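Colleague: Encoded as structure tokens, here's the structure I'll be asking about.
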Amino acid sequence: MAHVLITGSADGLGLMAARLLIGQGHTVTPHARDTARAAHARAVLPAAEKVLVGDLGSLDGIRSVAAQADAAGRFDAVIHNAGIGYREPRRVETVDGLSQLFTVNVLAPYLLTALMTRPDRLVYLSSGMARGGEADLSDPQWTDRRWSGAQAYSDSKLFDVLLALGVARRWPDVLSNSVEPGWVATKMGGPGAPDDLDLAPVTQAWLAVSDDEAAHVTGRHFYHQEQRSVPAKAYDATVQDALLDYCAQLTGASIRTSR
């Protein structure tokens with residue numbers, strides 16, 4: 001059985017994935033943004049391990065979660081589920097002077113990956129909206145552009161694909177993939193979302209633990225347990241490295257090609 005960390009798992013798809021994995025007999029460590037949400041996670045996931053607590057909207061908060069994770073022991077898999085949606089009406093700046101959406105959606109999975117003991121598998125939650133994303137790093141913090149929540153979200157979800165594929169290339173001994181769960185009726189997706197909610201957590205859980213040959217791949221993007229294409233620029237090593245280097249500059253932590 002696998003030992004799995006799921007970020008942002010006090011509710012939504014993260015909670016659903018945790019329940020699915022626990023039901024299969026795996027050991028799951030949830031993560032919550034604050035103590036109130038952690039208490040809720042403990043209540044609804046009584047079989048889970050200790051809940052990690054930390055706000056992924058700040059670099060110090062991300063570093064704290066990474067330290068807690070390593071103190072809990074090495075994980076077989078990490079599902080980077082935490083995220084902010086596309087309905088944000090304005091740019092919110094973090095204590096680090098960065099876009100909150102970029103910090104939670106991109107820097108958090110990047111920095112946790114860089115700081116934590118390397119697992120066997122990494123799963124990064126993306127979105128179908130990544131296809132409308134731009135990989136341009138000229139203004140990823142939206143300091144010069146007029147804010148568009150939908151575009152900022154789309155960009156961040158494309159960056160998550162770039163992150164998954166870039167890590168797969170730098171760490172060939174780790175299975176690193178991205179997933180789009182579908183447009184489903186969570187708080188983020190809204191009540192009118194058309195995709196099947198029951199299927200939404202299945203692929204990320206499957207990639208994290210399955211012995212199926214189809215799940216033993218790396219550097220791929222999935223939707224409902226099937227590989228799905230992404231924009232060609234996501235496969236460009238130069239574009240991947242540009243994002244990884246940019247995140248390294250912001251965080252002071254690098255994802256290097258060797259152990």
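The values are calculated or read from the model by the stated rules, or taken from the named source; none is laboratory data. Not measured: the values here are computed from a predicted model. With ideal geometry, Cβ positions are generated from the backbone for all residues, glycine too; neighbour counts draw on all protein chains shown. Side chains are part of the model used for accessible areas, which takes the heavy atoms of the whole protein and leaves out ligands, DNA and RNA. Shrake-Rupley method; radii C 1.70, N 1.55, O 1.52, S 1.80 Å.
So that you can scan it fast, the table gives a plain yes or no per residue for (1) under 15 Å from the mean Cα position of the chain (by Cα); (2) modelled with pLDDT under 95:
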{"site": "GLY12", "(1), (2)": "yes, yes"}
{"site": "ALA39", "(1), (2)": "no, no"}
{"site": "VAL44", "(1), (2)": "no, no"}
{"site": "ALA67", "(1), (2)": "no, no"}
{"site": "VAL104", "(1), (2)": "yes, no"}
{"site": "LEU107", "(1), (2)": "yes, no"}
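Colleague: Take the residues in the range 73-99 that are without any contact (Cβ under 8 Å) to a residue 60 or more places away in the chain and open to solvent by less than 60 Å² (accessible area, probe 1.4 Å); name whichever of them is farthest from LEU250 (Cα to Cα).
Modeller: The selected residue is VAL92.
Colleague: Just to check your reading of the model, which residue among GLN68, GLN24 is open to solvent by 10 Å² or more (accessible area, probe 1.4 Å) and in contact with a Leu (Cβ under 8 Å, 6 or more places away or on another chain)? It would help to see each step written out before you state the result.
Modeller: On the way: GLN24 fails: in contact with a Leu (Cβ under 8 Å, 6 or more places away or on another chain).
Answer to the check: GLN68.
Colleague: Still on this structure, I have one more. Being open to solvent by 30 Å² or more (accessible area, probe 1.4 Å), under 15 Å from the mean Cα position of the chain (by Cα), farther than 16 Å from SER127 by Cα and modelled with pLDDT of 95 or more is the requirement here; does LEU175 meet it? Give the steps one after another, and end with the answer.
Modeller: Values: open to solvent by 30 Å² or more (accessible area, probe 1.4 Å): yes; under 15 Å from the mean Cα position of the chain (by Cα): yes; farther than 16 Å from SER127 by Cα: yes; modelled with pLDDT of 95 or more: yes.
When the stated conditions are applied, LEU175 passes them.
Colleague: For the range 200-232, what are the residues that are under 15 Å from SER126 (Cα atoms), open to solvent by 70 Å² or more (accessible area, probe 1.4 Å) and at pLDDT below 95?
Modeller: SER229
Colleague: I'd like to verify a number: residues in the range 1-60 that are out of contact with any Asp or Glu (no Cβ under 9 Å at 6 or more places or on another chain), of a type in the set (S, T, N, Q) and farther than 22 Å from ARG121 by Cα, how many?
Modeller: 1
Colleague: Okay, moving on. Any residue at all in the range 32-51 that is under 26 Å from HIS221 (Cβ atoms) and in a helix (DSSP H, G or I)? Show your work before the answer.
Modeller: To start, the set of residues in the range 32-51 that are under 26 Å from HIS221 (Cβ atoms) comprises none.
No, the conditions are met nowhere in the range 32-51.
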